[in-house]
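Peer 1: Let me give you the structure first, and then I'll get to my questions.
Coordinate-derived values only; no laboratory data. Keep in mind it's a predicted model, so treat the numbers as computed, not measured. Neighbour counts are summed over all protein chains in view; Cβ atoms, including those assigned to glycine, are modelled from backbone coordinates with ideal geometry.
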Amino acid sequence: MEINTVGVIGLGYIGLPTAAILASKDVKVVGVDVNPSTVEAINRGDVPFVEPDLATFVGGAVQHGTLRATDRPEPADAFIIAVPTPFQGDHEPDLSYIQAAAEAVAPVLDGGELLILESTSPPGATQKMADWIIAARPDLSLDGTDSRPAIHVAHCPERVLPGRVMIELVTNDRIVGGLTPAAAQFAKDLYAVFCQGEILLTDAVTAEMAKLVENSFRDVNIAFANELSLIADKLDIDVWELIQLANHHPRVNILQPGPGVGGHCIAVDPWFIVNADPEQANLIRTAREVNDSKPQWVIEQIESAVEAHDAPTIAALGLAFKADIDDLRESPARKIVAELADQNPTARIRVVEPHVDALPPELANRRNIELTSLVEATDSADATVVLVDHAAFKDVEPDDLGLDPSRVVDTRGVWR
Ligand code: SAJ
């Protein structure tokens, strides 16, 4: 199958880098997004969020004429759908963005196109997407066994790490699951345009599960570390030393505890497995619950460190969901600061986040929270809580800040 034009539906953290890297290989890419400011920014050659090297790729491709953005799909040889799949209600996957994308693409199909779902999806979502397209276009088919022309549908989950997206898009191995073997092969040919890793073929449901399983594996292992941190606290031992010692065993590799699990994937994807098989997915559900309950435990630790003060000053170091990035979305640190302020209205909270210039709205609105420098925040604070292991904090000695170790709650072990 010859692919000269690709429509990328959804120009977010995954869609835009994928569109830009394809366009850098001289594929003609039309990106589609429902947000007019995203479309305008990209057509100016700008990037609406921070990701190393992405701006260079987007700016270059727009200038070269291989990438442009618009608000509705146009005919193309292949489509990549990279829209959000959040959960709703009691952790039920919300496929409405996939359905909207399928229904937007259906009218521009001629038959013969390749359609790839990249969004992280619960088992069966790729088949559902195909069914929505065929429902809108009963003149097309999924296998071409009758006189109706076939469309080729596959799932290829993204696996790139925020902060390293432009590198990992090229170097990571990819899993491609086709609704048919032909669809998988066509999708492999498209990814081979920019991916230097291995491209492994399977069916769509196995590919969907592979992505969910990868993130659940990490979630379960982080939950193990978080549970150990609670047990170590009760036994009055240092969890960081404990993990370091245990990891000397050749077959043990315990991850690091923290204030909870953030980001848009690891805290969400395991629920898709729980939802698909609630009776069996006990370990996966419990791990989610352990990680989700960690922020409240951290709040209690801070409260007990300042219980002698009526109107304590608390320095909170870090708001991002992990080290050395500016991404504050779904961050346990942000949640901890907000809840701490709510539960302790007389406390003054000085937040240090070297990667942003302003507090997010729900924190900026509170009179008892302010964004300050590290030195200002820790100066005569009644307690200091480390919420993110940014290099900017690791590089400082607590002694230089005049910190009393008994008044530090170090959720990331940066100063041990
Ligand atoms: N965390 C810990 N302790 C650890 C490791 C991480 O508390 O030892 C926390 C982090 O601080 C953060 C959260 O877990 O709050 C998630 O961070 P992460 O670096 O583990 O992962 P993400 O969310 O940035 O990206 C993950 C990656 N998946 C895996 O490593 C299996 C990435 O490859 C995926 O592409 C991405 O999810 C995604 O989009 O699904």
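Peer 1: Scaled to the compact-protein estimate 2.2 N^0.38 Å, what is the alpha-carbon radius of gyration of the range 5-197, rounded to two decimal places?
Peer 2: Output field value: 0.97.
Peer 1: Given the rule -39500 (n - 2.57) for each run of at least 4 DSSP H residues, summed and divided by the residues of the chain, what is its mean residue ellipticity at 222 nm, to the nearest 500 deg cm²/dmol?
Peer 2: Value at 222 nm, helices only: -12000 deg cm²/dmol.
Peer 1: So for the range 5-197: antiparallel DSSP bridges make up what percent, rounded to the nearest 5?
Peer 2: About 15 percent, rounded to the nearest 5.
Peer 1: Let me ask something else about it. Give me the Kirkwood hydrodynamic radius of the range 180-306, using the inverse of the mean 1/r over all pairs of distinct Cα atoms, in Å to one decimal.
Peer 2: For the range 180-306, the Kirkwood estimate is 17.2 Å.
Peer 1: Would you work out the relative contact order for the range 80-214, in percent, from Cα pairs under 8 angstrom that are 6 or more residues apart?
Peer 2: Reported as a whole number, the value is 23 percent.
Peer 1: Using a simple spin-label model with points 7 Å from Cα along the Cα→Cβ vector, what separation in nm is obtained for ALA136 and ASP399?
Peer 2: The answer from the label model is 6.5 nm.
Peer 1: Okay, moving on. Stokes-Einstein at 25 °C, 0.890 mPa s, Kirkwood radius from Cα pairs: D for the range 1-59 in µm² s⁻¹?
Peer 2: Stokes-Einstein gives a translational diffusion coefficient of 214 µm²/s.
Peer 1: Please find the FRET efficiency linking VAL108 to ARG44, where r is the Cβ-Cβ separation and R0 is fixed at 22 Å, and quote it to the nearest 0.05.
Peer 2: Taking R0 as 22 Å, the efficiency between VAL108 and ARG44 is 0.30.
Peer 1: Among all lysine pairs in the chain that are eight or more places apart or on different chains, how many have alpha carbons less than 19 angstrom apart?
Peer 2: 9
Peer 1: Find how many whole Å separate the alpha carbon centroid of the range 225-286 from the alpha carbon centroid of the range 378-392.
Peer 2: Measuring centre to centre over Cα atoms gives 24 Å.
Peer 1: Taking the simple approach of a point 7 Å from Cα along Cα-to-Cβ for both GLN343 and ALA358, what is their distance in nm?
Peer 2: 2.9 nm
Peer 1: Just for the Cα atoms in the chain, what are the lengths along the principal axes, largest first, rounded to whole Å?
Peer 2: 79, 48, 39
Peer 1: Restricted to Cα positions, what overall size does the range 232-387 have along the principal axes? Three whole-Å values, descending.
Peer 2: 47, 35, 28
Peer 1: Longest span of the chain, sites excluded, free of GluC sites (Glu not before Pro) in DSSP loop with at most 12 other C-beta atoms within 10 Å?
Peer 2: In the chain, the maximal stretch lacking such sites is 3-197.
Peer 1: Between ASP143 and ASP173, how many nm apart are label points set 7 Å from Cα along the C-beta direction?
Peer 2: About 3.0 nm, to one decimal.
Peer 1: Subtract the Cα-Cα distance of ALA100 and ASP326 from 0.36 nm times their separation in residues, and report this length gain in nm to one decimal.
Peer 2: Result: 78.3 nm gained on full extension.
Peer 1: With 10 Å bins from zero, work out the P(r) of the range 148-238 over every alpha carbon pair and list the percent per bin.
Peer 2: Reading upward from the zero bin: 16, 33, 24, 14, 9, 3, 1.
Peer 1: Calculate the FRET efficiency for SER304 and ALA210 from the Cβ-Cβ distance with a Förster distance of 51 Å, rounded to the nearest 0.05.
Peer 2: 0.75
Peer 1: Treat every Asp and Glu Cβ in the chain as -1 and every Lys and Arg Cβ as +1, leave all other atoms uncharged, and give the resulting dipole magnitude about the Cα centre to the nearest 20 debye.
Peer 2: That gives a dipole near 580 debye.
Peer 1: Now for a separate question. What FRET efficiency would be calculated for the residue pair GLU370, VAL252, taking the C-beta separation as r and a Förster radius of 56 Å, to the nearest 0.05?
Peer 2: 0.85
Peer 1: I need to check one value: relative contact order of the chain, counting alpha carbon pairs closer than 8 Å and at least 6 residues apart, in percent.
Peer 2: 10 percent
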